[in-house]
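Here's the structure we're looking at; comments come further down.
Any read-out appearing in this document is the output of simple, stated calculations on the displayed coordinates, not a laboratory observation. Quantities reported herein were computed from a predicted structural model and do not represent experimental measurements. Heads up, the Cβs are rebuilt from the backbone with ideal geometry, glycines too, and the neighbour counts pull from every protein chain shown.
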Amino acid sequence: MLRLGTREFGEHEPVIMAIVNRTPDSFYDRGATFRDEPALDRVEQAVAEGAAIIDIGGVKAGPGDEVTAEEEVRRTVGFVAEVRRRWPDVVISVDTWRHEVGEAVCEAGADLLNDAWGGVDPRLAEVAARYGTGLVCTHAGGAEPRTRPHRTAYAPPEQAGDEGPSGVVDDILRVTLHLAERAAGLGVRQDGILIDAGHDFGKSTRHSLQATRELGRMTETGWPVLVSLSNKDFVGETLDRPVKERLLGTLATTAVSAWLGARVYRVHEVAETRQVLEMVASIAGHRPPAVARRGLA
């Protein structure tokens, strides 16, 4: 069982996490939801289209202008409180690696701390334990926050295949399981802990493709798996497409991830993702067709 906020999600229930960036320089929307009203409109649309989680971020993942903890708090805390007021049942996630930001957003009503930088601040898990929130445990390859990978390499396993550096998945499992077990040991609710391969974080395109190919190894651990694939560079490089032309590649990767058992999908395009997840669930036998008239008349 996965339990976040007031919501409980069944074993075969895919969960959509909609991205709402409170930054002026995000790689995808270029600041479209930096101001409050457009951001609240985005939340309303995402919830209407089927998102169960709203993931709020106050710092661009990539390099850019410095954003202090104080500024990150300013960008996120009031917005978290307003989303909590307007949508009391939605699960509110905050994408942060800083424990002081985690503390502030939990006080404002956040249900989940999305630690995309792999426990670089170990006190963030302590905050999740203290407030009873969920926690995303991510593999970032040891990268420092807001840095891009450079000549990243992982030791290959004893029997490496021909399709790329399988050793990255060994490292993903080692790191995310350690982070999840540490979090549980600190008192974070086990039904609120997720693990994330961290596509693009501390990884080359080949690493991220391999992480997707072997995602079943993560889902077999029993921890719910979150995938953050939406319009990322590994999709763009694989298909040689700019940011705004990566939707089809993202949806293909989403379908593969769903088939391999991922539970939570962090996305920009909610409606399209929902259709993909519903189709995969129906093929897998976990969801009946919405309409089934063909061949019955």
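Dipole check for region 220-297: with +1 at the C-beta of Lys and Arg, -1 at the C-beta of Asp and Glu, and the Cα centre as origin, the magnitude is about 340 Debye.
Using a Gaussian network model of the chain in which every pair of alpha carbons under 10 angstrom is joined by a spring, one finds that among Asp240, Asp115, Asp95 the greatest mean-square fluctuation is at Asp240. Looking only at GluC sites (Glu not before Pro) in DSSP loops with at most 16 other Cβ atoms within 10 Å, what is the longest site-free stretch of the chain? Longest gap between qualifying sites, sites excluded: 67-157.
Label separation (Arg85 vs Glu8): 3.1 nm, computed from points 7 Å beyond Cα along the C-beta direction. Find the centroid of the Cα atoms in region 59-87 and in region 8-47, then give the distance between the two in whole Å. Rounded to whole Å, the Cα centres lie 13 Å apart.
Treating each Cα of region 168-261 as an identical point scatterer and summing with the Debye formula, the log10 of I(q)/I(0) at q = 0.14, 0.17 Å⁻¹ comes to -0.51, -0.72.
Which number comes out as Rg/Rh for the chain once both Rg and the Kirkwood Rh are worked out on C-alpha atoms? On the Cα set of the chain, Rg over Rh gives 0.95.
The mean sequence separation of alpha-carbon pairs under 8 Å and at least six residues apart, normalised by the residue count of region 10-284, gives a relative contact order of 18 percent.
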